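Written below as structure tokens is the structure these notes are about.
The values are calculated or read from the model by the stated rules, or taken from the named source; none is laboratory data. Owing to the predicted nature of the structure, the values given are computational and were not obtained by experimental measurement. Cβ sites come from the backbone with ideal geometry, for glycine too, and all protein chains shown count toward neighbours. Surface areas here come from the heavy atoms of the whole protein model, side chains and all, with no ligands, DNA or RNA. Shrake-Rupley method; radii C 1.70, N 1.55, O 1.52, S 1.80 Å.
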Amino acid sequence: MTVPQAEDEQEHLSALTVVDDSNSADVPNLKGDWNNIFILLMLYTIQGIASFGFIIGVTVLMQTNKNITYKDQALFSIVTWPYSLKIIWAPLVDAFCVQKMGRRKSWLIPVQYLIGGCFIYIGNNINEWLPETGQPDVLKLFYAFLFLQILVATQDIVVDGWALTMLKKNNVVYASTCNGVGVPLGITIGSFFLVLFTSENFCNKYLRFTPVTGGIVTKEYLFYCLAVLFILITTLIFIFKKEKDYRSEDNYIKLNVFQNYLLIWDILKIPSIRVLMTALLTAEIGFATTDQSLLILKLIETGVPKENIMIINSSMYIVQIITPIIVSKYTSGPKPMSVFLKVTPVRLIWNITFIIFIYYATQFLTTYGNIGFPIYYYAILVFIFIIINILNMTMRVAKFALFNRISDPRFGGIYMTLLNTCSFLGLFSSNSLAMSMLDYLTFKECLSNYNNNCSTSNPNNTCKTNGSSSCTVTVNGYYVESAMCILFGIGWYFIFRGTLKKLQVKSSSHWMVNVKNNKVKKNETTEYTMVQNS
């Protein structure tokens with residue numbers, strides 16, 4: 001497929017074929033789509049469990065052992081990167097399928113069976129890789145979860161693409177609501193079960209009448225249960241969920257693998273896409289130090305028990321499920337990014353409350369020792385978490401509502417994946433970089449030997465052994481990094497505010513892929529093929 005570059009935006013618009021703007025005028029009506037909404041919610045929920053739910057859980061358990069550095073945490077955080085790189089294999093997912101099974105089920109079924117198999121393998125080895133005491137095997141955890149996340153990212157490609165055709169045209173905007181509700185629910189379930197239900201302290205305190213050794217479930221047993229859940233759900237979808245013939249999709253165009261990869265370039269040639277991608281890649285830098293994963297690690301470092309943190313974090317699901325439902329009323333319209341931009345400065349300012357809280361929590365620990373935080377500390381922390389979750393979910397739903405609105409439905413899988421790739425790459429790279437920089441921006445000294453800068457674990461141990469003193473932090477890199485991120489976020493807001501407001505009001509035809517030199521031909525089997533004009 002050869003697609004010449006449009007000389008300007010006007011030529012780009014005039015060169016489009018099969019443009020349908022009717023969707024924007026249709027009023028959403030879920031009648032007849034409730035079953036599909038339930039399926040999407042279920043798929044996004046198990047996606048959240050397998051991805052960030054267990055990743056957060058493993059991260060918390062490693063941090064609790066106190067035998068791991070932020071560099072190790074930064075390495076493990078790279079397992080989230082397949083979400084940012086899935087555009088590499090998204091064209092394969094869109095190009096290959098078994099016609100009788102369905103365009104999306106052809107990938108969903110085997111991928112989810114493989115995820116179940118990965119859970120069995122991890123369950124067999126989790127006690128060795130992540131012992132209750134001692135050094136965790138970060139590299140083995142990294143490799144196992146990296147492969148798992150490649151599979152989960154593939155499942156995300158499939159579900160995002162299927163959502164565009166599974167729902168009626170006028171209900172497609174609710175796909176972002178399903179994502180916004182299902183994924184946080186899965187994250188909550190995964191992290192809650194892995195951290196709390198395997199915790200002896202939590203189970204003895206809240207779930208048992210008589211103290212017993214160990215949690216109510218083991219990590220091994222939990223992974224086995226998730227394997228069964230994935231296999232069961234996959235089997236039910238395989239048997240009972242019928243997928244309509246993808247060749248009957250509106251404006252369907254069949255592309256081979258090479259054409260699918262060229263399609264990525266065709267999408268990138270849309271002028272507004274390049275601007276939007278730049279904004280997405282940099283939007284999360286301002287919030288990197290108050291992201292959920294890093295924030296939980298800092299709270300554990302200040303002495304807040306992991307069980308209390310996970311209870312608070314898990315309880316936030318009520319906020320995470322209510323917020324998308326309320327916000328969808330405003331983001332389902334033609335200007336979802338207006339909501340995003342209104343929330344951005346508020347969230348930047350709210351970041352300061354986290355920094356202040358961590359500072360005073362650290363001071364409390366230094367002054368009174370590990371005697372437990374008073375109840376009002378937890379009340380303040382809950383309030384801060386509620387506000388940040390409302391702000392975060394509002395921005396997320398607004399962003400994905402824009403993606404669903406502007407994506408060309410003819411190439412939904414690749415188009416949505418490209419936009420999601422930029423969004424996730426901006427999020428995960430910011431988080432990994434923030435974690436890796438903490439050790440470099442933090443400076444310590446040994447009180448008994450000022451020539452010892454405590455830069456690594458060996459000088460730290462030497463300080464404890466020789467001087468009966470521990471290394472003292474002179475400059476906390478978290479505060480330095482937080483200030484840098486907030487300043488960057490303020491600059492980002494003023495640079496992209498006007499641009500994003502203009503982009504969101506452009507018609508859907510503006511975002512359609514240019515196929516000027518190709519004609520669509522319908523053959524005897526109703527299958528559409530692309531034939532290059534000579």
With label points set 7 Å from each Cα along the Cα-to-Cβ direction at N124 and V480, the distance between them in nm comes to 4.6
Probe 1.4 Å, accessible area per residue of the stretch 67-184, Å²:
35
12 Å beta-carbon shell around S84, net charge (K/R +1, D/E -1)
-1
How much of the accessible area of the stretch 53-139, probe 1.4 Å, is carbon plus sulfur, in whole percent?
65
Could you tally the net charge around F238, taking each other residue with its Cβ under 13 Å from the Cβ of F238, Lys/Arg +1 and Asp/Glu -1?
+4
For the stretch 275-430, the accessible surface attributable to carbon and sulfur atoms (probe 1.4 angstrom, ligands and nucleic acids excluded) amounts in percent to 72
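Just the number please: accessible area per residue for the stretch 394-442, 1.4 Å probe, all protein chains included, in Å².
21
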List the residues whose amide H sits under 5 Å from the amide H of G215, counting only those 5 or more places along or on another chain, with H placed 1.01 Å from N in the peptide plane.
E200
